[in-house]
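The values are calculated or read from the model by the stated rules, or taken from the named source; none is laboratory data. Predicted model only: the values in this text are computed from it and were never measured. Because the Cβ atoms are built from the backbone with ideal geometry, glycine has one as well, and the counts that use them run over all protein chains shown. Ligands, DNA and RNA are stripped out before the accessible areas are found, and what is left, the full protein with its side chains, is counted by its heavy atoms. Shrake-Rupley method; radii C 1.70, N 1.55, O 1.52, S 1.80 Å.
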Amino acid sequence: MEKIYDVIVLGAGPAGLTAGLYAGRSRLSTLIIEKGKDGGQIAITNEIENYPGQQVEGESGPSLIARMTEQAKKFGAERVTDVIKSVELEGSVKKLVGNKDTYLAKTVILATGAFPRPIGCENEGKFVGKGISFCATCDASFFEDFEVYVVGGGDAAVEEAMYLTKFARKVTIIHRRDELRAAKSIQEKAFANPKLSFMWDTVVEKVDGDPLLNSMVVRNTKTGEKTVIEADEEDGLFGLFGFIGLLPNTKLFEGMIDMENGYVKTDENMHTNIPGVFAAGDMRAKSLRQVVTAAADGAIAAMQAEHYIADLT
Ligand code: NAP
């Protein structure tokens, strides 16, 4: 007979790994399923500055997540890499069907996170990986001494733009308004960075190039005026990074679980509307998406899963 875990955690970002750590530490048989690399959004975040206790100089998302992975393992959480294709979440045994295997559990903690929102300009798909990127940590070094543009005005756009200034000759933030959304402390550092400039009230309408990105059309949101930006002749290309927010990874659960704008609804104890199914982290409807809130969600979800299992017996 196939093993029925106490808890299956779907996703190994900060929420999932914390859930795995707490569930393992509670001596629940725990399986964490992740389709790719651990870390979710922080796997592609260069600097983590505001996770409590984080004072390690130069701590990056990947270095923090590596320690979280080790810690979850230490407390006995099993690991598998698989892509889950379908789920059956109702009833006393939950079933997750992956490419490699089928997994059963009494409870499931959904921690599938979120992914970057596309820039939304014409031809975008053609240039992803050919000039357009959503991960400065992964791709900054390709643009050593080139010009780079960053779309967005939130924490991610401004922090990642500052990181990109360590590589690129010049970095320009393109923001649709004339005021940043990013935290004031982040803004102060950005305005003081001599390699960073700003194109306010502007959106990217179209990108082009052959085969690499070398031109784009931007539009002023106040005047409607369009401008063509072309790569410096000697460079022949420029980089365009998108950091305009996140979209939840929840398609798999559509029609099964109550959602709000695509995010899974829970109560304050991470219970979804399905008994035995919990949600944690960025895929959950909530007001603040940070490593610390993801980790907190994961801890609460795991403890609630433990209570749920105790009530079954
Ligand atoms: P965000 O805070 O939602 O900001 C998105 C930015 O993109 C906003 O400035 C928004 O403009 C702009 N935008 C949205 N849709 C757009 C569109 N279609 N075209 C052009 N611009 C568009 O997203 P984020 O910066 O990716 O951050 C996501 C979450 O992670 C947030 O909760 C953030 O606080 C957190 N985060 C935190 C840190 C940190 O604390 N160090 C670092 C990174 C991320 P408007 O301002 O005009 O709406």
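Compute and list, largest first, the equivalent-ellipsoid semi-axes of segment 41-146 from the alpha carbon gyration tensor, each √(5λ) rounded to a whole angstrom. Don't skip to the end; give the middle numbers.
Numbers: eigenvalues 208, 110, 28 Å².
Equivalent ellipsoid of segment 41-146: 32, 23, 12 Å, largest first.
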Considering only C-alpha atoms, what is the centroid distance from segment 172-192 to segment 30-108, in Å? 32
Whole-Hz Karplus ³J(HN,Hα) for segment 138-155, in order, using 6.51 cos²θ - 1.76 cosθ + 1.60 and θ = phi - 60°, x for Gly and Pro? 6, 10, 3, 5, 5, 10, 3, 6, 9, 8, 9, 10, 10, 9, x, x, x, 3
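About its Cα centre, how strong a charge dipole does segment 150-295 have in debye, to the nearest 20, once Lys and Arg get +1 and Asp and Glu get -1 at the Cβ? Can you show the working numbers first?
Values: 18 positive and 22 negative charges, 77 e Å.
Taking the Cα centre of segment 150-295 as origin, the dipole is about 380 debye.
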Starting from the amide H of Ile109, placed 1.01 Å from N in the peptide plane, find each other amide H under 5 Å away whose residue is 5 or more places distant or on another chain. Ile8, Val9, Leu10, Phe278
Which of Glu225, Glu78, Glu160 moves most in a GNM of the chain, Cα contacts under 10 Å? Glu225
Segment 1-68, accessible surface, carbon-and-sulfur percent (1.4 angstrom probe): 50
Taking amide hydrogens as modeled 1.01 Å from N in the peptide plane, which residues meet the under 5 Å criterion relative to Lys206, leaving out close sequence neighbours? Glu122, Val217
Per-residue HN-Hα couplings for segment 17-24 [Karplus 6.51, -1.76, 1.60; θ = phi - 60°; Hz; x = Gly/Pro]: 5, 5, 4, x, 4, 5, 5, x
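For the pairs Lys74/Lys126; Lys3/Lys265; Lys166/Lys286; Lys3/Lys35; Lys95/Lys265, note any where the Cα-Cα span goes beyond 32 Å.
Violating the 32 Å Cα-Cα cut-off are Lys74/Lys126; Lys166/Lys286.
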Compute the whole-percent fraction of alpha carbon pairs in segment 156-286 spaced more than 18 Å apart. 66
What ranking of His271, His175, His307 comes out by heavy-atom accessible area, probe 1.4 Å, highest first? His307, His271, His175
Nearest 0.05, what FRET efficiency do Leu252 and Lys74 give at R0 = 35 Å with Cβ-Cβ as r? 0.75
Spherically averaged projected area of the chain from its Cα convex hull (nm²): 17.5
Computed FRET value (nearest 0.05) for Glu233 with Phe191, which takes r as the C-beta separation and R₀ as 35 Å: 0.70
